[in-house]
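Asker: This is the structure I want to talk about, given as structure tokens.
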């Protein structure tokens, strides 16, 4: 794909659930519309940048569901895309996989690795919902989930040459998510332990730090109708490499539930400095299928 094509997609956001007529549409054999979330850039169900305490797919505790998505973004100097799939088992356990691709475009030449060099990464994730529910139950008792994401660069020699301590690593996180029906507001807070550089695409750890650090992430979304919601996300990032500063990420998004099986997301995202190139901002989009 070229930079002149429709802006591709990257991280995006989230979906919000429902529970009242204002928030969703019921089904005889599945979750309310949008309550499974969209796909994060790492494959887990939730928002675009951060996982939530929701389980992939439309099925409830009585079945097995899933979702698959294509995400992409065209930044100032880079292009990003990901292809993700996740399975949800009895609305309790989630297993996910994503292939991420970062196209360096002309930046690759400036960095000495060649124009249009592509950095690739595989991410395998697992999540378990421990307690609570996003929609039902006590108003101020959120759904709570723990998860882990194993990340493996497919360009190990290169990321280590750039100063990464390792080409693979594991992130650990705890998420709490709740839909407050009276305000049509969904809130999520995630705490992550990580040493990933640029989400792992540039390896893990480096000259400034080679240990896991605690990072905060969060999401807020407001639903205008049962199908349409807007919101914003924030994700704290470590800065481990001596060659380049890494900034925190944020986005502002809109998500639309076409029907129970298709969700579309668009967002403006700001990734800050990426491998010495500043102001990496762009429009992101995601198309997801659910069952």
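Asker: Output the residues belonging to segment 273-291 that are surrounded by fewer than 22 Cβ atoms within 10 Å (Cβ to Cβ) and either touching a helix residue (DSSP H, G or I) at 6+ places or on another chain (Cβ under 8 Å) or at positive phi (or both).
Answerer: Hits for segment 273-291 are 276, 277, 279.
Asker: Right, something else. Output yes when any residue across segment 258-270 is touching a residue at least 40 places away in the same chain (Cβ under 8 Å), over 15 Å from residue 39 (Cα atoms) and surrounded by 22 or more Cβ atoms within 10 Å (Cβ to Cβ), and no when none is.
Answerer: yes
Asker: Which one of these is farther than 27 Å from residue 132 by Cα and touching a residue at least 24 places away in the same chain (Cβ under 8 Å): 197, 188? Working first, answer last.
Answerer: Details: 188 fails: farther than 27 Å from residue 132 by Cα.
197 is the lone residue from the list that is farther than 27 Å from residue 132 by Cα and touching a residue at least 24 places away in the same chain (Cβ under 8 Å).
Asker: Going by the conditions given, is residue 236 surrounded by fewer than 24 Cβ atoms within 10 Å (Cβ to Cβ), within 17 Å of the chain's Cα centre (by Cα) and either modelled with pLDDT under 95 or closer than 16 Å to residue 32 by Cα (or both)?
Answerer: No, not satisfied.
Asker: How many residues does segment 71-82 contain that are under 12 Å from the mean Cα position of the chain (by Cα) and either under 27 Å from residue 30 (Cβ atoms) or assigned to a loop (DSSP other than H, G, I, E, B) (or both)?
Answerer: Residues meeting the conditions: 2.
Asker: Do we find that residue 170 is more than 23 Å from residue 102 (Cα to Cα) and either touching a residue at least 24 places away in the same chain (Cβ under 8 Å) or touching a strand residue (DSSP E or B) at 6+ places or on another chain (Cβ under 9 Å) (or both) in this structure?
Answerer: No: the conditions fail for residue 170.
Asker: Can I ask one more? Among the candidates 179, 208, which residue alone is surrounded by fewer than 20 Cβ atoms within 10 Å (Cβ to Cβ) and more than 21 Å from residue 96 (Cβ to Cβ)?
Answerer: That would be 208, the only listed residue that is surrounded by fewer than 20 Cβ atoms within 10 Å (Cβ to Cβ) and more than 21 Å from residue 96 (Cβ to Cβ).
Asker: Now, a different point. So which of 270, 251, 210 ends up being closer than 22 Å to residue 86 by Cβ and out of contact with any helix residue (DSSP H, G or I) (no Cβ under 8 Å at 6 or more places or on another chain)?
Answerer: Exactly one of 270, 251, 210 is closer than 22 Å to residue 86 by Cβ and out of contact with any helix residue (DSSP H, G or I) (no Cβ under 8 Å at 6 or more places or on another chain), namely 251.
Asker: Mind telling me which of the residues 159, 135 ends up being modelled with pLDDT under 95 and under 15 Å from residue 121 (Cβ atoms)?
Answerer: Selected residue: 159, the only one of 159, 135 that is modelled with pLDDT under 95 and under 15 Å from residue 121 (Cβ atoms).
Asker: Given (1) at pLDDT 95 or above; (2) surrounded by 16 or more Cβ atoms within 10 Å (Cβ to Cβ), identify the lone condition not met by residue 226.
Answerer: So residue 226 meets the others, but not (1).
Asker: Residue check, residue 213 against (1) closer than 21 Å to residue 161 by Cα; (2) surrounded by fewer than 19 Cβ atoms within 10 Å (Cβ to Cβ), all met but one. Which one?
Answerer: Condition not satisfied by residue 213: (1).
Asker: Being in contact with a strand residue (DSSP E or B) (Cβ under 7 Å, 6 or more places away or on another chain) and at pLDDT below 95 narrows it down to one residue among 89, 101, 128, 107; which is it?
Answerer: One residue alone meets the criteria, 107.
The values are calculated or read from the model by the stated rules, or taken from the named source; none is laboratory data. These numbers were taken from a predicted model, which means no experiment stands behind them. Glycine gets a Cβ as well: all are built from the backbone with ideal geometry, and neighbour counts include every protein chain shown.
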